[in-house]
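S.K.: Below you will find the structure I want to go over with you.
The values are calculated or read from the model by the stated rules, or taken from the named source; none is laboratory data. Note that the structure is predicted; figures quoted are calculated from it, not measured. Note that each Cβ is placed from the backbone with ideal geometry, even for glycine, and that neighbours are counted across all protein chains shown. These accessible areas exclude ligands, DNA and RNA; they are computed on the full protein's heavy atoms, side chains included. Shrake-Rupley method; radii C 1.70, N 1.55, O 1.52, S 1.80 Å.
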Protein chains: 2
Amino acid sequence: MYPKSIQNVIEAFKYLPGIGDKTAERMALHLLNLDKVQTDFLADSIKNLQEKTKRCKICGNFSDDDICFVCSDPTRDKKTLCVVEDPKTIIAIEKLGVYHGIYHVLNGLIATLDGMNPEDIRLDKLINRMQNEKYQELIIAVKPCLEGEMTALYINNVLKDLGINITRLASGIPMGADMEYIDAITLEKAFDNRKKIS
Amino acid sequence: MYPKSIQNVIEAFKYLPGIGDKTAERMALHLLNLDKVQTDFLADSIKNLQEKTKRCKICGNFSDDDICFVCSDPTRDKKTLCVVEDPKTIIAIEKLGVYHGIYHVLNGLIATLDGMNPEDIRLDKLINRMQNEKYQELIIAVKPCLEGEMTALYINNVLKDLGINITRLASGIPMGADMEYIDAITLEKAFDNRKKIS
């Protein structure tokens with residue numbers, strides 16, 4: 001019913017996650033009222049996105065340049081390596097400002113049932129880094145789920161003979177959560193990992 | 001924290017209605033995984049949107065051509081004119097398939113408090129059409145709210161001497177609504193406009 005020019009935008013918006021017919025329609029009609037400068041900026045940014053977004057040659061983080069802002073920062077602790085599933089986790093950790101080491105992006109987790117095997121993620125590059133540089137600690141910061149556990153175990157298995165401290169972020173009850181809504185596995189983990197009040 | 005190429009897309013997505021930081025971020029990262037054909041289609045559609053979307057020279061509806069699909073349809077009843085606030089209402093009515101007349105888009109409603117006066121919407125064009133063509137009925141299909149009522153009254157005032165049947169869509173309790181959640185004004189309207197069960 002809409003003219004082709006509008007229908008195209010509606011269809012294209014539906015590529016985006018969580019955008020259905022109604023929202024796509026509302027967004028497309030909204031664009032009609034925007035300044036030409038704004039719609040051009042939106043269109044151009046999208047057009048350039050994939051081409052201009054590089055991955056850091058060292059850690060795999062998103063980057064404008066060949067080496068990302070973390071790897072190129074001389075004040076970072078280069079002896080501590082944090083393994084994450086994707087660059088989004090780096091952003092989340094960096095926002096906190098509590099971690100001063102460097103990163104390694106896996107680009108996925110081992111999920112053998114879904115056909116994601118160790119060779120499908122950036123594990124070979126991690127092993128390379130571990131063999132070529134001297135690290136003190138490897139912090140595995142992938143999410144606590146079946147795939148996360150599998151990946152953490154696999155990394156531990158492969159690297160345990162290198163004599164590096166391999167750790168995993170604590171899992172348990174999140175701050176402020178209502179006890180009755182905690183799932184059974186989390187609750188069990190929280191019991192297993194309980195700490196003496198000092 | 002994100003490279004400029006991603007940050008640009010995030011900022012640009014925030015021009016869209018209902019899109020905040022988190023959603024814009026999620027959508028931008030999702031785009032990175034799409035096919036180049038898809039992101040190009042999205043970018044190009046947005047770029048072309050404003051330029052390629054015309055307004056029908058007769059009724060003001062969105063159109064690919066100078067005259068929209070309703071006005072150019074010889075089977076439509078050209079004696080019945082339905083006045084709507086925007087082209088979106090036309091789409092909604094056309095989806096029903098119950099109306100066979102033609103339309104007039106106002107591009108807004110009279111809202112004197114917000115500085116929208118009769119001369120700011122396409123009322124002059126409506127009056128022109130009414131004077132130049134012979135219509136049997138003018139159906140005012142703007143939404144029932146203060147601005148809608150003001151606009152309907154104004155149109156009735158200006159055109160009442162032309163001897164045309166001027167009607168307004170019924171307002172009342174929507175089908176399937178729970179009585180206890182109906183607002184007072186709607187309920188009052190529903191009482192005022194009650195109909196004898198035949």
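S.K.: So which residues in the stretch B:96-111 are within 14 Å of chain A (Cβ to nearest Cβ) and either open to solvent by 20 Å² or more (accessible area, probe 1.4 Å) or assigned to a loop (DSSP other than H, G, I, E, B) (or both)?
M.R.: B:Leu96, B:Gly97, B:Tyr99, B:Asn107, B:Gly108
S.K.: Here's something else I'd like to know. Please go through (1) in contact (Cβ under 8 Å) with a residue 40 or more places away in the chain; (2) in contact with a Lys or Arg (Cβ under 9 Å, 6 or more places away or on another chain) for B:Thr151 and return the number of the only condition it doesn't satisfy.
M.R.: Just one mismatch for B:Thr151, condition (2).
S.K.: Moving to a separate point now. For the stretch A:12-22, what are the residues that are open to solvent by 40 Å² or more (accessible area, probe 1.4 Å) and at the interface with chain B (Cβ under 8 Å from one of its Cβ atoms)?
M.R.: A:Tyr15, A:Gly18, listed by residue number.
S.K.: Could you please give the count of residues in the stretch B:23-33 that are open to solvent by 30 Å² or more (accessible area, probe 1.4 Å) and facing chain A (nearest Cβ under 7 Å)?
M.R.: 3
S.K.: From the set of residues in the stretch B:1-11 that are crowded, with 17+ Cβ neighbours inside 10 Å and within 7 Å of another protein chain (Cβ to nearest Cβ), which is nearest to A:Ile67 (Cα to Cα)?
M.R.: Within the stretch B:1-11, the match that is nearest to A:Ile67 (Cα to Cα) is B:Pro3.
S.K.: Out of the stretch B:50-70, which residues are surrounded by fewer than 19 Cβ atoms within 10 Å (Cβ to Cβ), within 26 Å of B:Tyr154 (Cα to Cα) and within 13 Å of chain A (Cβ to nearest Cβ)?
M.R.: Scanning the stretch B:50-70 gives a single hit, B:Arg55.
S.K.: Sticking with this one: Please indicate, with yes or no, whether at least one residue in the stretch B:77-95 is surrounded by fewer than 17 Cβ atoms within 10 Å (Cβ to Cβ), of a type in the set (Lys, Arg) and over 21 Å from A:Ala28 (Cβ atoms).
M.R.: There is at least one residue in the stretch B:77-95 that is surrounded by fewer than 17 Cβ atoms within 10 Å (Cβ to Cβ), of a type in the set (Lys, Arg) and over 21 Å from A:Ala28 (Cβ atoms).
S.K.: Sort through B:Thr89, B:Thr75 and tell me the only one that's at pLDDT 95 or above and more than 7 Å from chain A (Cβ to nearest Cβ).
M.R.: The conditions single out B:Thr75.
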